[in-house]
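Please read the structure below before turning to the comments.
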Amino acid sequence: MKWVIPREHGAWMMWIGPLVIGIAATPWNPLQILLAGASLFAFMTAEPFLQGLRQPGHRDYWWRWAAGYGVVAAAFGVPLLVAEPRLGFVVLGAGVSLAANSAFALVRQDRHLLNDFLAMAGLALTGIAAYLVGRGSVDVRAWIFWALCVVYFFGTALYVKSLIRERRNRRLKWAANAYSTLLVFAALALGWTAAVACLPAAVRGWAIAQDRPPKVKTIGILEIGLSVWFVMWMSVWLRNFEGV
């Protein structure tokens with residue numbers, strides 16, 4: 001039996017990264033173990049569910065996997081919601097994100113940038129959930145942290161698209177480079193550690209030529225490394241953030 005596992009490495013980092021930041025920057029709470037399990041299997045549920053929408057002829061196969069993963073996600077998530085009912089708004093937000101992704105899947109527009117953005121917004125809610133479980137409340141710094149995660153990962157999506165699927169689109173490459181550079185300056189307004197978190201992605205954008213891109217595997221490894229850097233420095237920033 002071959003397990004159905006999402007292959008997009010970037011998507012994995014888009015929920016793991018915010019989750020790790022939220023856990024690392026807040027007091028430890030054993031409920032974070034349940035949160036990690038629920039987040040993992042909720043993510044695993046989404047991929048076969050969306051594949052079932054894309055491939056109606058194989059829907060039974062895909063949705064059996066989605067149901068199986070969903071049961072495990074519920075096994076982690078229900079006790080978590082009982083212990084911390086305020087996480088319900090995170091579940092609602094993730095559901096809205098999945099509904100939007102489903103609409104794009106039905107019309108075969110999965111690679112649309114708006115779909116990417118909405119997916120990232122939903123995936124990054126793991127950070128809000130971890131923050132709520134760790135601190136017992138959600139304040140302005142939690143939402144700033146969530147927004148930074150979303151805009152950072154959206155920048156990585158722009159960059160990767162400009163090197164692979166849109167490698168002849170020079171406007172997109174310039175837009176991706178300008179976006180990552182402006183993000184550094186925007187992050188600097190929040191503190192030097194936030195800017196340091198975003199800086200390598202900006203440098204990478206200008207350093208790699210669009211007409212001579214690295215191999216896809218190399219691009220993926222580089223993006224994982226940059227995302228780990230982002231997670232490390234964002235954890236430092238969030239632990240020391242005092243306000244804007």
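The values are calculated or read from the model by the stated rules, or taken from the named source; none is laboratory data. Predicted, not measured: the structure shown is a model, and the values here were computed from it. Methodologically, a virtual Cβ is constructed for each residue, glycine included, from the backbone with ideal geometry; neighbour enumeration extends over all protein chains shown.
A few remarks follow.
- Enumeration of residues in the stretch 90-125 that are modelled with pLDDT of 95 or more and out of contact with any helix residue (DSSP H, G or I) (no Cβ under 9 Å at 6 or more places or on another chain): Leu92, Ala99
- Inclusion of Arg165 among residues that are without any contact (Cβ under 8 Å) to a residue 60 or more places away in the chain, farther than 15 Å from Gly10 by Cα, assigned to a helix (DSSP H, G or I) and in the same structural domain as Ala195 (by TED's automatic domain parsing) is not warranted.
- Scanning the stretch 1-23 for residues that are more than 8 Å from the chain's Cα centre (by Cα) and modelled with pLDDT of 95 or more gives Leu19, Val20, Ile21, Gly22, Ile23.
- Leading residue by the ranking (surrounded by the fewest Cβ atoms within 10 Å (Cβ to Cβ)) among those in the stretch 176-235 that are over 21 Å from Met120 (Cβ atoms) and among the β-branched types (Val, Ile, Thr): Thr218
- Qualifying residue in the stretch 120-130 (condition: more than 15 Å from the chain's Cα centre (by Cα) and in a helix (DSSP H, G or I)): no
- Criterion (closer than 20 Å to Leu19 by Cα, touching a Lys or Arg at 6+ places or on another chain (Cβ under 8 Å) and touching a residue at least 40 places away in the same chain (Cβ under 8 Å)) met by exactly one of Leu80, Leu123, Leu132: Leu132
- Among the residues of the stretch 223-237, not a single one is more than 30 Å from Asp139 (Cα to Cα), assigned to a helix (DSSP H, G or I) and not aliphatic (A, V, I, L, M).
- Filter result for the condition that a residue is within 19 Å of Ala157 (Cα to Cα), β-branched (Val, Ile, Thr) and without any contact (Cβ under 8 Å) to a residue 12 or more places away in the chain, over Val216, Val184, Val203, Val231: Val203
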